[in-house]
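Down below is the structure, laid out as structure tokens.
The values are calculated or read from the model by the stated rules, or taken from the named source; none is laboratory data. This structure is a prediction, so every number in the text was calculated from the model and none was measured. Because the Cβ atoms are built from the backbone with ideal geometry, glycine has one as well, and the counts that use them run over all protein chains shown.
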Amino acid sequence: MDLSALTRAMDFTAVSSALAAAAVFACGIAGASGPALLAVASPSFADGGLIPVRHTCDGRDVSPELRISGVPAGAASLAILCDDPDAPGGDWVHWLVFNLPPDTRNVAEGVGLGDLHAGGGVPGANSWGKLTYGGPCPPSGSHRYFFKIYALSVKLDLPSGASKARFLEAIHGRVLAEGHLMGRYARL
């Protein structure tokens with residue numbers, strides 16, 4: 001028997017076994033560690049790209065179109081949270097909407113409060129204390145804005161104007177899937 005062929009076969013077997021074990025271990029961790037992944041995209045900007053001026057305080061200040069896929073069959077509602085972790089005073093909330101229908105796959109650009117209510121959505125408060133989208137408006141430098149989508153196992157029993165803190169408390173243990181789209185913006 002060719003010793004080098006036997007060594008290659010043993011190496012292949014060891015590598016295959018190691019990969020299989022790693023895959024089983026990773027699946028166990030993924031299944032135990034948390035929610036599935038949603039895909040979130042926008043025709044306005046790519047993940048990690050620059051947010052167009054029309055979606056900011058320097059433009060029309062309209063929300064970007066969001067496209068959502070990968071919502072699990074058992075979802076009872078969806079939620080949107082847009083925040084800026086680079087704000088000088090800490091995290092700044094730009095948009096919060098919850099109890100959107102679970103079959104929502106597209107949130108139109110510039111969607112208004114009336115449209116969200118008609119679709120069953122409930123607005124939370126942003127950091128300006130308003131119930132609407134407030135676009136990027138950094139005081140200085142480049143900031144990151146995360147448009148987070150959550151697929152939830154329940155409709156939330158929260159009032160209109162709920163804070164991000166109350167929202168996060170309410171979704172704890174109820175997130176089936178989540179995803180985000182991150183955009184950047186710097187004022188000129």
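Among the residues of this structure, F146 counts as one that is in contact with a His (Cβ under 9 Å, 6 or more places away or on another chain) and assigned by TED's automatic domain parsing to the domain that holds F98.
Among the residues of region 171-188, which ones are of a type in the set (A, V, I, L, M, F, W, C) and within 16 Å of the chain's Cα centre (by Cα)?
Filtering region 171-188 for residues of a type in the set (A, V, I, L, M, F, W, C) gives 171, 175-177, 181-182, 186, 188.
Scanning region 171-188 gives I171, V175, L176, A177, L181, M182.
A Cβ distance below 9 Å, combined with a sequence gap of six or more or placement on separate chains, defines the contacts here; from region 52-63, residues that are part of a loop (DSSP other than H, G, I, E, B) reach residues that are surrounded by fewer than 15 Cβ atoms within 10 Å (Cβ to Cβ) and among the aliphatic types (A, V, I, L, M) in the pairs D58/L188; S63/A108. Taking the conditions (1) part of a loop (DSSP other than H, G, I, E, B); (2) under 20 Å from L158 (Cα atoms); (3) at pLDDT 95 or above in turn, P43 satisfies each one other than (2). Being within 17 Å of S42 (Cβ to Cβ) and of a type in the set (D, E, K, R) is the filter; apply it to region 122-168 and report the residue that is surrounded by the fewest Cβ atoms within 10 Å (Cβ to Cβ). Only one residue tops the list, namely R144.
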